[in-house]
Every structure is written in structure tokens, then in C-alpha cells.
Amino acid sequence: MNDLRRLGSLLVLMIVVAIALVARTADPRSAPGSTSPTPSAVAEQSASPASTVATVDPPPTDCLDISIHSDRMPLTVANLASVSTRIVAGTFNDYGPAQWNSSDGKRPPGASSHTPDMIYRPAVIAPDRVLTGAPTEGDIIARVDGGAVGCDMYTVDSSPELKVGGRYLFYLSYSVDSTGTYISDPSIIEAWVIDAGDQVKTPLEGALTVDQVETAADKVTFVLPPLGK
């Protein structure tokens with residue numbers, strides 16, 4: 001009887017082994033010479049173009065963000081006229097591309113808030129009246145301090161806020177290049193909105209007509225000397 005039991009147990013074991021061998025042969029991953037894929041390989045096989053995440057280049061680490069705060073007191077017509085090379089009434093048409101005040105328009109080495117390097121925007125002005133200074137023909141391109149070049153930002157809180165199509169009374173003076181030298185390119189030091197009644201609102205003298213501004217400016221005896229003199 002014991003022999004029969006041992007024989008039955010042996011037959012059952014043989015059947016189990018045979019089933020396992022058949023199952024292993026049916027699985028292609030267990031074929032001779034094959035290896036099981038790694039988790040990363042499975043992930044690569046299951047990934048589709050639609051599931052690919054685009055990489056974003058990190059922002060430059062050498063960007064400049066310079067803010068210049070001015071404590072300038074409000075000025076009278078006479079004060080502004082004494083430091084202006086020209087006063088014109090005209091329409092602001094648009095800004096050109098911002099650039100640095102260097103000779104090539106690019107950021108100079110070592111630019112900071114403690115150097116004369118700055119970003120400006122060229123403002124296109126269509127003058128309709130020249131109150132003081134040399135007459136002009138065609139548009140005037142004048143600098144407005146502040147702007148952005150690439151990731152560099154330069155902000156000047158005293159720069160005028162101009163709206164395209166607006167008519168302004170512009171006070172123009174010399175500009176400064178990246179070496180700290182005055183140059184003849186005009187720069188806007190102040191701009192007052194001219195309303196429909198041909199008036200401006202001054203910070204100290206109230207509402208004045210453009211004619212009254214011209215009269216007050218003509219009384220100023222001091223004028224900026226020409227460059228180089």
C-alpha cells in the first residue's frame with residue numbers, strides 16, 4: 001500500500017513539472033537567449049510621441065533688472081526751458097526697438113545702476129510747432145529712458161508715459177552715452193499732455209496755453225551751450 005502511495009505522489013509531481021515546462025516554453029521572454037525587459041525599457045516601449053514632455057531652456061542667469069528712482073522736484077516752464085535744447089508741440093507716433101546707449105546698442109560690460117549705461121526707447125514725434133530751438137523738418141526721434149532688451153530691464157520712474165496718437169509739449173535736451181558723454185541725440189526730459197483747448201497742466205503754474213508756455217520760455221536768458229563748447 002505504501003508503494004502505491006509513493007507511486008501516486010510521484011505521478012502528481014511529474015504532471016506539475018510538465019505543466020510548468022509547457023508554460024515556460026509558451027512565454028517568449030523565457031526562450032533561450034532572451035532576457036526580461038527592464039522597467040525603463042517597458043516605459044520606453046509604451047511611450048508615444050504625444051506623451052513626450054518638451055524641455056524648456058532655463059532662463060539666462062546674467063539678466064539685469066535695474067530701477068532708477070528720481071527725487072526730482074516739479075519744475076516750472078522757466079526751469080525746464082533753461083535745460084532744454086528745444087521745446088516742441090507734436091504727436092507721439094510710436095516707439096522704436098529699445099537698445100542700450102552704447103555705440104552698438106548692446107549691453108556694455110559691467111553695466112549697472114552705478115554706471116552711465118542705460119536702456120532707452122526711441123520715440124517717434126511728428127512736430128507741428130517749435131516753441132524754442134532750431135526749426136525741424138520731418139519726424140524727431142527722441143530718446144525716452146527705460147525699456148527692455150532681451151531679458152535686461154531698465155526702469156526710470158521719472159520717464160514720461162506716452163500714449164500713441166497723443167499730442168504733447170515735449171522738452172528735449174542732450175542725451176548721455178554709455179561713456180557718460182553728452183551727445184546731440186535729443187532726449188525727452190518732460191512731456192505734458194496738450195488738451196483739445198491747446199492747454200497743458202503744469203505742476204506748479206496751473207493750466208497754461210501753448211502760447212503762454214512759449215512766452216514764458218522766451219523770457220529765459222540762460223540756454224544750454226552747444227556741445228563741445
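Any read-out appearing in this document is the output of simple, stated calculations on the displayed coordinates, not a laboratory observation. Quick caveat, the model's predicted, so the values are computed rather than measured. Glycine gets a Cβ as well: all are built from the backbone with ideal geometry, and neighbour counts include every protein chain shown.
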**Request:** Using just the alpha carbons, could you tell me how many Å³ per residue the convex hull of segment 126-186 encloses?
**Result:** 129 Å³
**Asked** Which value, in debye to the nearest 20, describes the size of the charge dipole of segment 112-197 about its Cα centre when Lys and Arg Cβ atoms bear +1, Asp and Glu Cβ atoms bear -1, and nothing else is charged?
**Response** 160 debye
**Integer Hz, Karplus 6.51/-1.76/1.60 couplings in order for segment 188-195, x for Gly and Pro** = 7, 9, 7, 8, 10, 5, 9, 8
**Prompt:** Where the Cα atoms of segment 82-209 are projected onto their three principal axes, how long is each span, largest first, in whole Å?
**Reply:** 48, 27, 26
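Mind giving me the FRET efficiency for Val83 and Asp62? R0 is 45 Å, r the Cβ-Cβ distance, nearest 0.05 is fine.
Computed FRET efficiency for Val83 and Asp62 comes out at 0.80.
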**Request:** Using the Cα centre as the reference, give the magnitude of the dipole from point charges on the C-beta atoms of segment 52-196 (Lys, Arg: +1; Asp, Glu: -1; all else neutral), rounded to the nearest 20 debye.
**Result:** 320 debye
**Asked** HN-Hα J couplings of segment 76-92 from phi, Karplus 6.51/-1.76/1.60, θ = phi - 60°, integer Hz, Gly and Pro as x?
**Response** 7, 4, 5, 4, 5, 5, 6, 10, 10, 8, 6, 10, 10, 9, x, 9, 7
**Asked** How much length, in nm to one decimal, is gained on full extension between Leu227 and Thr91, taken as 0.36 nm per residue of separation minus their Cα-Cα distance?
**Response** 46.2 nm
**Asked** So what are the ³J(HN,Hα) numbers for segment 137-154, from phi and the Karplus equation (6.51, -1.76, 1.60; θ = phi - 60°), rounded to whole Hz, Gly and Pro as x?
**Response** 10, x, 5, 10, 9, 10, 7, 10, 5, x, x, 10, 10, x, 9, 7, 10, 9
